[in-house]
Each structure stands twice: as structure tokens, then as C-alpha cells.
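Have a look at the structure below, then the notes.
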Amino acid sequence: MTKSCHDESCVPHLLHYDMPDGVVAFSTTRQGGVGEGPYGEFNVNDYCGDNPDVIAANKAGLCKELDIPVRHLLFPHQVHGTEICQVDESFLGMSWEEQTVALDGVDALVTNVGGVCLGVSTADCIPILLYDPTHHVTAAIHAGWRGTVARIVEKTVRHLRETMHTCPRDLYAIVGPGISLTHFEVGDEVYEQFESAGFKMADIACRQEKWHIDLPLCNVMQLQDCGVSTANIHDSAICTYDQVERFFSARRLGIHSGRILTAIMMQGKR
């Protein structure tokens, strides 16, 4: 039976990450919401075919937990590209419809506004969170294999450096739950795209019956190449395929299933 959105047990179970004081960073799990089946329990993604009433109830529960209005929970309609959206006061002044258009086709979000929670949705792809404590800037990045090949992490760090004056060595980085090397089996054509993009294949890939690629490591290496201190990079080391009871995995559940939200927010009212 689907829980009522008024049920006191309808509280999202979040995986929290260590960040400096005043910053909240987390990934949602499948527990603590009102959904069912492959979308259950906790899904807030609008683009994967879930019941809109369930999504709204889960969003409300998450925003209550974060103590923010629902309008301040922002995540894009991702397309496995490298577009970045800057969430500033001008963006926040848009109507909901205008914001929805602005977030379509975007795979990374950046803000320097407090009280605004930025997230990306995944179900095997790799989510990355960034925080610049010097300039008080956050970013949320969606890196599937296509975005990884296109170096979306490098592009986002460059964007922070050019628009926010971020020094990469100051950044804190979180690599959230995603598919591991063991379970990310790919065809020769995908292997060749990574190779053509200049990745060190001996470090990131191994051959079994087919090629397997280490997507989390690919993104960690991009962070390091950008100048982010290894000491400031936290890899959750959670494989969504292995831990499908706790996290959504499209390879295990199919594409018509829920999504993990990995998100970051600087606390403080806007």
C-alpha cells in the first residue's frame, strides 16, 4: 500500500557527506518515501515516468527535511551533454515555466546563492558535487559515460575558475553512488571513444568477456588533472548495481524506475 504523504514515516533516508560547516551534501536512497515498485520508495525525478503525486509528496518531504521551499530544490532535465546552468538571482526570479525551459538539456548546475539546493539525478551514472569555500560556490554535475568522455567535470571546474574565480586546489569534491568497474560492461565502440578522448586506458579499463570501464575513477582523475587536491576528493565507492536495494540502478531495474538525487546546498536563507 502506498504511504500517505501525511504519514510521519514519510521521511527521506539520506546518505550525508562530510563538508565544511554550513554546507549540506547528500544522496537520496530508495527508502523513506511514498512510491512503489521500481520507483519506490523515494523518487523525486520528474522525467522517468513516475506518478506526479508521488513525486510531489517526496519533494515536499525532502524540502521539509532541508527547511527550504520546494522552489529552491533545483535539478535539470539531463541529456548526457556538457551544458552548465548558472543559478543566480536572475534565474531565481524567473517563473517556474521559465526555469523549466532553462534547465532543459543541462547536465551541471552552479550557484553562489545560499538556501538553494542543486542536484543531479542518476541511476548508475556518476554524480559529482563541488564546493568552493573561498568564494562560497557550489556545483552539481551529472557524468554518464558520454559526459565523462566529453569531460564535463573539467568543463565545470573551468567554468568555476573563469566565472567565480575559483582556485581548483581549494575545491571539495564528492563522487556519489554510481556503477562500478565490475558491472560497467561496454562494447568496443564505447572503449574506443574513451581511448580517442585521451583517457589512460590501462588505468581505467580491463578486458573480461567485454571491456569494463571505471567511471568513478575517470572522474576522480579529471578532478586531479584540474588541480583539485586528492585529499579533498571523497569517492563514496558505492556501486548502484551492487546495492540496488538501497539505490536505484537502471541496469538492474530498467529505465522505467526511480533516480537517486545527489545534491548540495549552502545553508542560510535567501
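Just a few scattered comments:
- In segment 232-270, the residue that is farthest from MET19 (Cα to Cα) out of those that are in contact with a strand residue (DSSP E or B) (Cβ under 8 Å, 6 or more places away or on another chain) and aromatic (Phe, Trp, Tyr) is PHE248.
- HIS72 modelled with pLDDT under 95 and open to solvent by 20 Å² or more (accessible area, probe 1.4 Å): no
- Yes/no for THR166 being of a type in the set (Ser, Thr, Tyr), open to solvent by 10 Å² or more (accessible area, probe 1.4 Å) and either without any contact (Cβ under 8 Å) to a residue 12 or more places away in the chain or not in a strand (DSSP E or B) (or both): no
- Of the strands (runs of 3 or more DSSP E) lying entirely inside segment 94-140, not one is found with 1 or more residues being at pLDDT below 95 and either open to solvent by 10 Å² or more (accessible area, probe 1.4 Å) or not aromatic (Phe, Trp, Tyr) (or both).
- Of the residues ASP7, ASP18, the single one that is surrounded by fewer than 20 Cβ atoms within 10 Å (Cβ to Cβ), among the acidic types (Asp, Glu) and modelled with pLDDT of 95 or more is ASP18.
- Residue among GLY119, GLY37 that alone is over 14 Å from the mean Cα position of the chain (by Cα) and of a type outside the set (D, E, K, R): GLY37
- Residues in segment 192-213 that are touching a strand residue (DSSP E or B) at 6+ places or on another chain (Cβ under 7 Å) and open to solvent by less than 60 Å² (accessible area, probe 1.4 Å): PHE194, ILE204, ALA205, CYS206, TRP211, HIS212, ILE213.
- Scan of segment 153-173 for residues that are β-branched (Val, Ile, Thr) and either more than 17 Å from ASP214 (Cβ to Cβ) or over 16 Å from the mean Cα position of the chain (by Cα) (or both), ordered by number: THR156, VAL157, THR163, THR166
- Some residue of segment 51-66 being among the acidic types (Asp, Glu), farther than 22 Å from MET164 by Cβ and either in a helix (DSSP H, G or I) or more than 15 Å from the chain's Cα centre (by Cα) (or both): yes
- Among residues of segment 214-232 being touching a residue at least 40 places away in the same chain (Cβ under 8 Å) and outside any helix (DSSP H, G or I), the one that is surrounded by the most Cβ atoms within 10 Å (Cβ to Cβ) is VAL228.
The values are calculated or read from the model by the stated rules, or taken from the named source; none is laboratory data. Fair warning: this is a prediction, and the values are worked out from it, not measured in the lab. A quick note on method: Cβ atoms are made from the backbone with ideal geometry, for glycine too, and the neighbour counts reach across all protein chains shown. SASA here: full protein model, heavy atoms, side chains in, ligands and nucleic acids out. Shrake-Rupley method; radii C 1.70, N 1.55, O 1.52, S 1.80 Å.
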